[in-house]
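These notes concern the structure reproduced below.
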Amino acid sequence: LNEFLDDLYSMGGPEKEFLYKDKRYFLQCEAVDNMIEMVIFECFGEGKYIFRCKGERFAECVEQFEQAKIFDGKTIYEAEKDIEVLFG
């Protein structure tokens, strides 16, 4: 988890794919109009974002991601044992 988050803080990923309880998710960061946008969506689903943030720095979005309860009402720290990083 530390390596995963350190990578996000340093350069926004830029892309990561991971499993959470047998569901595949994709995290993507990119610069859009002088802002950083971070999104997470379920692969092979409806393509809806489960998390979306725009900020001036990667750190802003990563901090919001760390606090977001997007994993069945849990933060990434609480759901860590059920997450497997596949790519990134």
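Between helix 2-11 and the chain there is an angle of about 20 degrees, using the helix long axis and the longest principal axis of the Cα atoms.
Based on DSSP H runs of at least 4 residues, each adding -39500 (n - 2.57), what is the mean residue ellipticity at 222 nm of the chain after dividing by all its residues, to the nearest 500 deg cm²/dmol?
Numbers: 3 runs with 24 residues, N = 88.
Mean residue ellipticity at 222 nm (helix-derived): -7500 deg cm²/dmol.
Spin-label model, Lys54/Glu37: points 7 Å from Cα along the beta carbon direction are separated by 0.7 nm. Sparsely packed loop sites in the range 1-72 (the trypsin sites (Lys or Arg not before Pro) outside DSSP H, G, I, E and B with at most 14 other Cβ atoms within 10 Å) comprise Lys21, Lys48, Arg57, Lys69.
Kindly sort Leu27, Leu86 by accessible area of their heavy atoms, largest first, with the probe set to 1.4 Å. Don't skip to the answer; put the middle values down first.
Numbers: Leu27 0, Leu86 70 Å².
I get Leu86, Leu27, largest accessible area first.
Could you state the angle between the C-alpha long axis of helix 58-67 and the longest principal axis of the C-alpha atoms of the chain, as a value from 0 to 90 degrees rounded to the nearest 10? In the chain, helix 58-67 runs at an angle near 30 degrees to the longest axis.
Can you pull out the GluC sites (Glu not before Pro) in the chain that DSSP calls coil and that have at most 14 other Cβ atoms within 10 Å? Spell out each step's value before the answer.
Working: sites: Glu3, Glu15, Glu17, Glu30, Glu37, Glu42, Glu46, Glu56, Glu60, Glu63, Glu66, Glu78, Glu80, Glu84; in loops: Glu46, Glu56.
Loop-located and lightly packed - Glu46, Glu56.
Once all protein chains are placed together, Leu8 keeps about 0 Å² accessible to a 1.4 angstrom probe. For the range 10-86, applying the loop criterion from DSSP together with a ceiling of 10 other beta carbons within 10 Å to the chymotrypsin sites (Phe, Trp or Tyr not before Pro) yields Phe44.
Using only the Cα atoms of the chain, construct the convex hull and provide its projected area averaged over every direction, in square nanometres to one decimal. Can you show the working numbers first?
Values: hull surface 20.9 nm².
Result: 5.2 nm².
Once fully extended, how much extra length lies between Gln64 and Phe44, figured as 0.36 nm per residue of separation less the alpha-carbon to alpha-carbon distance?
Numbers: separation 20, 0.36 × 20 = 7.20 nm, distance 2.47 nm.
Value of the extension gain: 4.7 nm.
The values are calculated or read from the model by the stated rules, or taken from the named source; none is laboratory data. Small disclaimer: the values here were computed from a predicted structure and weren't measured. Using ideal geometry, Cβ is built from the backbone for each residue, glycine included, and neighbour counts are taken over all protein chains shown. All accessible areas refer to the heavy atoms of the entire protein, side chains included, with ligands and DNA or RNA removed. Shrake-Rupley method; radii C 1.70, N 1.55, O 1.52, S 1.80 Å.
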